[in-house]
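Worksheet: one structure, shown below.
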Amino acid sequence: MSNLSGFVKRLRDIMRNDAGINGDAQRIEQIAWMLFLKVYDAKEQDWEFNEDGYTSIIPEKCRWANWAVDDKSGSAMTGDRLLDFVNNTLFPVLKGNDIKDSDGNVLIEGVKVNASTPIKKAIVQTTFADANNYMKDGVLLRQVINVIDELDLSDYEESHAFGEIYESILKELQSAGSAGEFYTPRAVTDFMAKMIQPKIGEKMADFACGTGGFITSWLKELQKQVRSTADAAKYGNSIYGIEKKQFPYMLCITNLLLHGLDIPRVYHDNSLLKDVLDYTDDDQFDVILMNPPYGGSEKTDVKNHFPSDLASSETADLFMSVIMYRLKKNGRAAVILPDGFLFGTDNAKINIKKKLLSEFNLHTVVRMPGSVFAPYTSITTNILFFDRTKPTEETWFYRLDMPEGYKHFSKNKPMKLEHFEPVIEWWNNRQEINIDGFDKAKKYTAYKTENGDIELRDSNGLVITNYNLDLCGYPHIEEEILDPMDLIQRYQEERASLNAEIDRVLADITAILGGVRE
């Protein structure tokens, strides 16, 4: 394709005219299933060339090359014929359903998966299990397919360049309403992967992996150490992911295929639906990198999978318990959690923090600015770095202030990896950084608290028992007077954040009332 930079815009311009596409999230989901099939088709061409006797799990009529490719002869499906094929043949078959004639004879067998199906084949049915075709205009659908088919993924340079384009598609999720929950800014995932220092032979996990940002950041960092075919094999076998929701799962699988992982070990499942006490050593990992969903509330049947003292109704708390039970001895973890975890005083939160400090070494807490996840949410978040080597003896807190020239991060001025440079420079030469003028808890940019007795101290140095980790917080910022255009931008971001929060609350209410949660 000669114009990769205009790829997303071309698709957006076409789909904007289709009555079936409602909003960015649906547009991205529509693009996602077509991209998956295009990328999978390129992979299958490689597998057919390199593996004797390779057979596709997709029936011939439904393989991308046999229905999507337009050879310009005038025979390519379009209009109502294309819509009928996609809705009534392609999707049912990929979901596992047979296509039968009026007498019940099977015309095309649906994709069938069992325990012995190789992962790289099984992902087809899993990816399409709950996928949707939103487009209603078959002519426009043909135009979109043709743009996507122009991609030459057999060309290394174009395939690599398209990986960057795909990342821009994922980034749009951050402002796509409630879909933003599936995307963690790459500056954050890259920083965490860098500081966790991957090693060849280790296995990392993300139990709510969204679009696969932590996995790809881990792979990018690990790739630097690959020196042999043995290293390459360990590299390809180094990841494990679980994603509950279909849309981000599809995006994640495509992301990993684009990153050269022929066997993406990511599963469409719910990490909270297994008793944590049933986990064995085989279920544990060397490294865990995560941004658990937060702000959600789980039902009683989910909480029943956790010991009563850890059974929080807050999703992020439950994931913290899963992480602690699934981290290997001597393993390392980096986890993003909201401020509410640090200072929360309900019984479950206190018990989770007590377990964290008494059984794990919480050595560093990096406090991030509130607009890192804007415009999806303005909730202030933190990165907790800990390992399973010993009980916590001391914890360093580092407040990462806004970089010079920034009032807040936004869609047009997102956080970059370079903005983490102050904490990266401080990491290996830790010293307290004192700023006069604020109270004890907030006057430090970097501060160390001694936890030898598994107790923390308040701003006056008094021992407290509620495990309050709210140290090195942000001082009060005076009201900003913004340029009119900046004010409009801020309003739009705050509105997007509020809409996303409303979506989450409505989904929780629907679930409580017995409805189907998306």
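The values are calculated or read from the model by the stated rules, or taken from the named source; none is laboratory data. The shown structure was predicted, so the numbers you read here are calculated from the model rather than taken from an experiment. All Cβ positions, glycine included, derive from the backbone under ideal geometry; neighbour counts span all protein chains shown. Protein only, heavy atoms only, side chains kept; ligands, DNA and RNA dropped before computing areas. Shrake-Rupley method; radii C 1.70, N 1.55, O 1.52, S 1.80 Å.
Rounded if a/c is under 1.5, else prolate if a/b beats b/c, else oblate: with a ≥ b ≥ c from the C-alpha gyration tensor eigenvalues square-rooted, which is region 251-389? Taking the square roots of the gyration eigenvalues as a ≥ b ≥ c, region 251-389 is rounded. Our estimate of slack between GLU48 and ASP103, defined as 0.36 nm per intervening residue step minus the Cα-Cα distance, is 16.3 nm. Checking the a/c ratio against 1.5 first, then a/b against b/c, what shape does the Cα gyration tensor give for region 214-287? Here region 214-287 falls in the oblate category. Of the residues TYR166, TYR325, ranked by 1.4 Å probe accessible area with the largest first, the sequence reads TYR325, TYR166. Is there a pair in LYS121/LYS224; LYS274/LYS354; LYS43/LYS95; LYS244/LYS329 whose C-alpha atoms are over 25 Å apart, and which pairs would that be? From LYS121/LYS224; LYS274/LYS354; LYS43/LYS95; LYS244/LYS329, over 25 Å: LYS121/LYS224; LYS244/LYS329. Accessible surface computed residue by residue for region 305-401, with neighbouring protein chains in place and a 1.4 Å probe, gives 28 Å² per residue. Summarising the label geometry, the points placed 7 Å from Cα in the beta-carbon direction at ASN114 and MET402 lie 6.0 nm from one another.
Can you send over the carbon and sulfur percentage of the accessible area for region 13-118, probe radius 1.4 Å, protein chains only?
Working: 2370 of 5460 Å².
With neighbouring chains kept in place, the figure for region 13-118 is 43 percent.
For region 1-73, the set of GluC sites (Glu not before Pro) satisfying both a DSSP loop assignment and a count of at most 12 other C-beta atoms within 10 Å is given as GLU51.
Of the heavy-atom accessible surface of region 131-239 (probe 1.4 angstrom), what whole percent is carbon and sulfur? Don't skip to the end; give the middle numbers.
Working: 1970 of 4070 Å².
That fraction is 48 percent.
Taking label positions 7 Å along the Cα-Cβ direction at both ASN270 and ASP282, the computed distance is 2.5 nm, reported to one decimal.
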